[in-house]
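Written below as structure tokens is the structure these notes are about.
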Amino acid sequence: IDFGLRAGSYPRYLGHSDRKLIFSFISKLPENWIIDASDDESQRFNRKDWALFLNNCKFTVACEGGSDFLERDDKSRLMINNFVAKNPDATDQEIYNNFYLNYTGEGLKARTITGRVFDAIGAFTCQVLVEGKYNGILEPDKHYIEIKKDLSNITEVLEKTKDEKFVEEM
């Protein structure tokens, strides 16, 4: 498998849509590559099968987990859920513009490296990760290939995945 992935969607109130970005990236991969990617819950793996899957993948793609607006009282989460219930076709940009663009609450960014990143490291599966901090543990081009949130460097990312020496050294 050239690129493999299993990922669920994040709730919209978390303030980011990086998981959607991951699938947008996957859709731009070359057609002749073997791609096995799904966000379907019924296609998720148990621990053993996840390890076997990663061991059969050359690459996987992931992002940081967590929220961009973590609050003690869940005020924004409740307001956003109410807004989405009344406006089911609202875009992520509309949610951002209505709730986070001029955010003055006491929320904090709570992004973190996730277990799936460590799973891929343990399986020696090369990773393409959405730009982020990853708790200061990982560095782009040393531990992973970085994809920009606007996908502006997709050509460069694809070139790096084809460079066997670069991937092996990483």
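The values are calculated or read from the model by the stated rules, or taken from the named source; none is laboratory data. Nothing here was measured: the structure is a model prediction, and the numbers come from that model. Cβ atoms come from the backbone with ideal geometry, glycine included; neighbour counts cover every protein chain shown. Accessible surface areas use protein heavy atoms only, side chains included; no ligands, DNA or RNA. Shrake-Rupley method; radii C 1.70, N 1.55, O 1.52, S 1.80 Å.
Go through the range 106-139 and give me each residue that's part of a strand (DSSP E or B) and of a type in the set (Lys, Arg). Let's see the steps before the verdict.
Of all residues in the range 106-139, those part of a strand (DSSP E or B) come to 108-112, 126-130.
Those that are part of a strand (DSSP E or B) and of a type in the set (Lys, Arg): Lys109, Arg111.
Within the bounds of the range 148-163, is there any residue that is assigned to a loop (DSSP other than H, G, I, E, B), out of contact with any Lys or Arg (no Cβ under 8 Å at 6 or more places or on another chain) and basic (Lys, Arg)? Looking through the range 148-163, at least one residue is assigned to a loop (DSSP other than H, G, I, E, B), out of contact with any Lys or Arg (no Cβ under 8 Å at 6 or more places or on another chain) and basic (Lys, Arg).
Given the residues Thr112, Thr104, which is the only one that is under 17 Å from Ala7 (Cβ atoms), of a type in the set (S, T, N, Q) and out of contact with any Ser or Thr (no Cβ under 7 Å at 6 or more places or on another chain)? Step through it out loud before you land on a result.
Values: Thr104 fails: under 17 Å from Ala7 (Cβ atoms).
Just a single option satisfies the conditions, and that option is Thr112.
Does the range 23-38 include one or more residues that are touching a helix residue (DSSP H, G or I) at 6+ places or on another chain (Cβ under 9 Å) and exposed (fewer than 14 other Cβ atoms within 10 Å of the Cβ)? Within the range 23-38 (the criterion being touching a helix residue (DSSP H, G or I) at 6+ places or on another chain (Cβ under 9 Å) and exposed (fewer than 14 other Cβ atoms within 10 Å of the Cβ)), the answer is yes, since at least one residue qualifies.
Matching residues to (1) open to solvent by less than 60 Å² (accessible area, probe 1.4 Å); (2) within 17 Å of the chain's Cα centre (by Cα):
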position	(1), (2)
Lys75	no, no
Asn82	no, no
Asp92	yes, yes
Thr104	no, no
Ile113	yes, yes
Leu129	yes, yes
Tyr134	yes, yes
Lys148	no, yes
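One line per residue, one yes/no per condition, for (1) touching an Asp or Glu at 6+ places or on another chain (Cβ under 7 Å); (2) basic (Lys, Arg):
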{"site": "Ile113", "(1), (2)": "yes, no"}
{"site": "Val117", "(1), (2)": "no, no"}
{"site": "Phe124", "(1), (2)": "no, no"}
{"site": "Glu131", "(1), (2)": "yes, no"}
{"site": "Tyr134", "(1), (2)": "yes, no"}
{"site": "Lys142", "(1), (2)": "no, yes"}
{"site": "Lys148", "(1), (2)": "yes, yes"}
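Here Cys57 meets each of (1) farther than 22 Å from Ile121 by Cα; (2) outside any helix (DSSP H, G or I) with one exception, condition (1). Taking the range 66-90 as the range and being modelled with pLDDT of 90 or more and within 23 Å of Leu108 (Cα to Cα) as the test, the residues that pass are Leu78, Met79, Ile80, Asn81, Asn82, Phe83, Val84. Applying the criterion of being modelled with pLDDT of 95 or more and hydroxyl-bearing (Ser, Thr, Tyr) to the residues of the range 113-148, the residue that is nearest to Gly65 (Cα to Cα) is Tyr134.
On the stretch given as the range 34-54, residues that are among the β-branched types (Val, Ile, Thr) and either over 11 Å from Gly4 (Cβ atoms) or modelled with pLDDT under 95 (or both) total 0.
When you check Pro88 against the structure, is it exposed (fewer than 12 other Cβ atoms within 10 Å of the Cβ) and either in contact with a Leu (Cβ under 8 Å, 6 or more places away or on another chain) or part of a strand (DSSP E or B) (or both), yes or no? Before the answer, list the steps.
Working: exposed (fewer than 12 other Cβ atoms within 10 Å of the Cβ): yes; either in contact with a Leu (Cβ under 8 Å, 6 or more places away or on another chain) or part of a strand (DSSP E or B) (or both): no.
Considered against the rule, which asks whether it is exposed (fewer than 12 other Cβ atoms within 10 Å of the Cβ) and either in contact with a Leu (Cβ under 8 Å, 6 or more places away or on another chain) or part of a strand (DSSP E or B) (or both), Pro88 comes out as no.
Of all residues assigned to the range 29-37, none qualifies as being small (Gly, Ala, Ser) and under 30 Å from Asn102 (Cα atoms).
Scan the range 47-60 and give yes if some residue there is hydrophobic (A, V, I, L, M, F, W, C) and closer than 15 Å to Glu146 by Cα, otherwise no. Talk me through it step by step, then tell me what you get.
Going residue by residue through the range 47-60, those that are hydrophobic (A, V, I, L, M, F, W, C) are 50-54, 57, 59.
Imposing the further condition that a residue be closer than 15 Å to Glu146 by Cα reduces the set to 59.
Yes, some residue in the range 47-60 is hydrophobic (A, V, I, L, M, F, W, C) and closer than 15 Å to Glu146 by Cα.
For the range 39-61, the set of residues classified as open to solvent by less than 50 Å² (accessible area, probe 1.4 Å) and of a type outside the set (Gly, Ala, Ser) consists of Trp50, Phe53, Leu54, Cys57, Phe59, Thr60, Val61, listed by residue number.
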